[in-house]
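The values are calculated or read from the model by the stated rules, or taken from the named source; none is laboratory data. Bear in mind that the values here come from a model prediction, so they are computed numbers and not experimental data. Note: ideal-geometry Cβ built from the backbone for every residue, glycine included; neighbour counts use all protein chains shown.
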Amino acid sequence: MSPRIRWLTAAAAGATVAAGAVLVTGGTAEAGTISGALYRDTGTAVARWVAANPNDSRTAVIRDKIASQPASRWFANFNLSTIGSEVSSYVGAANAANQIPVLTAYAIPNRDCGGASAGGAPDLGQYQNWINAVAANLGNRTAIVILEPDSLALQTCLSAGEITARDQALATATRTLKAANPNAKVYLDAGHSAWNSASEQAGRLAAAGVANADGFYTNVSNFNGTSAEVNFGKAVISALNGRGISGKHLVVDTSRNGGASGDWCGDDNTDRRIGTYPTTATNDGDVDAYLWVKPPGEADGCKYAAGSFQPDLAYSLASTAPNPPVTSSPTASPSSSSASPSPSSPAPSSPSASPSGSVPAGAGCTAVLTVASTWQGGYQATVKVTAGSMVTRGWAVSWTLGNGQSISQVWNGTLTVSGSAVTVRNVSWNGALEPTSSTEFGLIASGTATTPALTCTIS
């Protein structure tokens with residue numbers, strides 16, 4: 001079985017037009033070492049597809065179960081002139097949202113052993129220059145770095161000398177990232193439970209400097225069940241402890257492991273499903289987070305071009321998956337509660353933090369609208385609904401449209417419009433809120449973006 005990632009670098013490029021739902025998962029961490037909500041990038045391929053296809057029969061499912069979730073941003077294009085600004089923009093946007101960015105750094109020379117995801121830096125010296133630029137723009141808040149998928153589990157194409165050189169490069173990269181931002185959480189490649197043994201993988205991790213990292217990740221772009229990956233990760237931790245390397249944790253890619261496991265390629269298998277929604281609340285002291293490292297719906301390179309977003313794949317993964325959980329409002333990690341973004345990581349103008357007025361909390365609810373992105377003639381916004389001191393059975397948010405405004409799409413809510421009066425009510429699965437907990441709905445509108453006064457009522 002080939003466990004390769006099959007990723008095209010073009011698919012990792014960012015975008016400026018955003019759409020899709022924003023439903024934060026994670027909240028306050030339970031166990032692990034990371035606390036806070038994970039950042040949901042508004043410029044993903046799935047978000048752009050949802051915005052461009054509001055009338056497609058697959059859109060609602062893809063929007064609510066995939067586009068609503070935080071997934072890792074892949075930095076896979078080797079370009080020393082742009083990598084710093086790319087990282088700065090992404091991390092700055094996450095900091096502005098008070099959430100945790102997840103970055104996948106993927107530019108090691110000879111990556112994927114020349115397979116479908118071949119590429120990366122031309123040599124290890126230039127790779128270190130690329131890492132230096134990444135590190136310099138990580139800011140000073142909590143950030144998760146998935147360092148070089150397949151770089152340790154897949155070494156069949158490397159000579160003994162090349163393996164040693166790669167190990168040294170990964171160890172140096174880890175130290176560079178941690179020195180630049182001590183709050184960064186850096187994880188190295190541990191393959192997955194159906195690949196190398198725990199003992200073998202622990203040896204590779206040790207050689208690549210995992211002692212200076214926060215731990216390792218498993219199952220990136222693969223389909224093995226979460227329990228198998230956690231058990232494998234615990235075995236790797238035990239093997240590392242036996243080597244005198246203690247205190248390491250793991251993160252697991254759960255983006256596509258809710259259905260069939262087996263063969264590495266997901267393009268042709270309709271039995272794949274999205275797995276556990278991304279969260280830092282793992283209830284396991286060894287597991288720091290369940291992440292969506294491989295964005296669901298992006299192809300492996302079998303039936304479709306590697307890294308391309310395919311709506312039929314996304315719909316197949318999500319159609320029978322449970323709805324996302326309704327969670328509390330995002331909270332920053334302890335390390336980020338008082339720190340401001342790094343001067344080298346300014347927050348971009350979009351998403352903008354421009355909340356509207358809200359009603360007093362009390363026993364009712366509050367609603368806050370935030371403009372997520374704008375374009376000529378339109379904008380996208382999210383509205384966070386927070387319960388007051390009582391359990392809600394349902395909620396409704398009302399406001400008045402401005403001149404020239406109209407709403408073309410709403411997700412995670414039901415829209416009613418009467419003239420300029422707008423009301424969005426909960427859908428079946430997000431109406432019940434515990435005291436002080438929150439949910440969100442999103443909208444796409446035409447006209448000039450504003451932040452109107454909102455009225456929130458409960459039933």
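Of note:
- Listed by first and then second residue, the pairs linking a residue in the range 146-160 that is in the same structural domain as Ala118 (by TED's automatic domain parsing) and more than 16 Å from Leu124 (Cα to Cα) to a residue that is of a type in the set (S, T, N, Q) and in a loop (DSSP other than H, G, I, E, B), with Cβ atoms under 6 Å apart and 6 or more places separating them unless they lie on different chains, are Ala153/Asn196.
- Only listed residue being touching a helix residue (DSSP H, G or I) at 6+ places or on another chain (Cβ under 9 Å) and either surrounded by fewer than 17 Cβ atoms within 10 Å (Cβ to Cβ) or part of a strand (DSSP E or B) (or both), chosen from Thr156, Thr174: Thr156
- Of all residues in the range 67-124, those that are in a strand (DSSP E or B) and under 21 Å from Leu170 (Cβ atoms) total 7.
- Count of the range 373-398 residues which are assigned to a strand (DSSP E or B), farther than 15 Å from Gly413 by Cβ and not polar (S, T, N, Q): 4
- Checking each residue in the range 177-190 for being part of a helix (DSSP H, G or I) and in contact (Cβ under 8 Å) with a residue 40 or more places away in the chain picks out Leu177, Ala179, Ala180.
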